[in-house]
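The values are calculated or read from the model by the stated rules, or taken from the named source; none is laboratory data. Fair warning: this is a prediction, and the values are worked out from it, not measured in the lab. Because the Cβ atoms are built from the backbone with ideal geometry, glycine has one as well, and the counts that use them run over all protein chains shown.
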Amino acid sequence: MSLSNILFATNPGTTRRELFASAAEISADLSKRAAELDRDGRPPVGEIIKLKKAGLLNALHSREVGGGGLDWVDGLRLVRILAQGESSVGQLLGYHFVNSQYIYWALDAARADALGAETVAQNLYWGAAVNPRDPGLVLTRRGNGYVLNGRKTFSTAAHVSDYINANAVLDDKIVGFVIRTNRPGYVANDDWDNFGQRLSDSGSVEFHDFPVYAEDFVGQPTAADASPPVLSTFNTPLIQLVFVNFYLGTAEGALKAAIDYVRSTTRPWVTSGVERAADDPYILERVGEFSASLKAATALADSAALAVQIELAKGHSVTARERGAAAAEAYAAKVHATNVSLDITSRIFELTGARSTADKYRFDRFWRNVRTHTLHDPVFYKAKEVGDFVLNDKIPEVSLYS
């Protein structure tokens, strides 16, 4: 059962401006507490509750059901803003967006609308347990339903999720389903001990005779190599864009922290000839270089989000070719964001100096966060997919990674 399962009514009148203002306010607060949060590494229950209170979880749902009515370009910008304050919270908002919107692409309209309305009305957080490299879960028939058993080594928002997307083996086939975590038999473990994304609540989950019903299924059980409907595969380019934006938000947060430190604390070098570190020409050059890189990377991220949004809006009429071309745009943004964010988060110390490596600042958290998650799927495979599309006109092969 979710530790953040407290109901907060969303104000149906929440506007785009209010959502962005709330994201900026929460991000600023996170930034002040980020070193302590990183040190503790606890599930972000309080942080998810704040997102609920602000209506941010429902930003992409339609205004007709009380959501914010934003498109994906704006939704991903919200992810970027939150990641400036704390990378894991930006990640979790983005994951929720993809997991909670997936129902509209994979389910029939009536069921999707009902789940969407329930999500908004109860302000529910959506996570997932679908890592394809860690099958782990088996569904067996029992009575008029099924029971789920097994363990997933990695999950998303294990403790704070109200709903999760999951998949399992059933009679040598694969079945996907959406389930509430408040059913008996769901266990979220406190075993996420990685050096980055320490608030992402990504530890293992276990299912012990967890009840599942036919109405929970997303489609019928299929062979592992079956081709899914094109629309239902947009979760992959969109989750990759979530990665893009919280990587870049993390790098933006790192540069801001470095700039604040230079202004307040960094001392000019003895041969610099200047009285303030903020006037050091080499520091100025690097701030300009990093800023230019981030501006280019965020522009590419927004452009890629728009490309995916345009094709997604075609609904069931979208073709595999259109989806693939848009995905290639997202993956190009992923390659660039990975390189830019790793570069900036590791080089901010060139601005701040030796004293800034003190543990009390934990400025290394920016690099640790990006380094941890950029290993989620190897970036050189994303670069290969982009290259294959550009050179050979081959669209990326559909999978949970591409």
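Of all the listed residues (A383, A299, A333, A326), the sole one being free of Cβ contacts under 8 Å to residues at least 12 places away in the same chain and assigned to a helix (DSSP H, G or I) is A299. Residues that are aliphatic (A, V, I, L, M), in contact (Cβ under 8 Å) with a residue 12 or more places away in the chain, surrounded by 17 or more Cβ atoms within 10 Å (Cβ to Cβ) and more than 30 Å from T236 (Cα to Cα) do occur in the range 270-281. Among all positions in the range 315-323, there is at least one residue which is under 27 Å from L391 (Cα atoms) and surrounded by 22 or more Cβ atoms within 10 Å (Cβ to Cβ). Quick one: is A35 at pLDDT 95 or above and over 17 Å from T250 (Cβ atoms)? No; evaluated as a whole, the condition is false for this residue. Against the condition in a helix (DSSP H, G or I), at pLDDT 95 or above and buried (at least 23 other Cβ atoms within 10 Å of the Cβ), how does A292 come out, does it pass? So A292 fails the test.
Pairs are defined by a Cβ separation below 8 Å, a sequence spacing of at least 6 or placement on different chains, a first member in the range 52-72 that is touching a residue at least 12 places away in the same chain (Cβ under 8 Å) and under 17 Å from Y163 (Cβ atoms), and a second member that is hydrophobic (A, V, I, L, M, F, W, C) and part of a loop (DSSP other than H, G, I, E, B); the pairs so defined are K52/I6; K52/F8; L57/L124; A59/L70; L60/L70; G67/A59; G67/L60.
Screening the range 147-193 for residues that are more than 21 Å from L93 (Cβ to Cβ) and acidic (D, E) and picking the one that is surrounded by the most Cβ atoms within 10 Å (Cβ to Cβ) gives D190. Just to verify a result, which residue in the range 264-283, among those that are assigned to a loop (DSSP other than H, G, I, E, B) and of a type in the set (G, A, S), is farthest from Y361 (Cα to Cα)? Checking each candidate, the answer is G273. Restricting L60, L76 to residues that are hydrophobic (A, V, I, L, M, F, W, C), closer than 25 Å to K334 by Cα and buried (at least 24 other Cβ atoms within 10 Å of the Cβ) narrows the list to L76.
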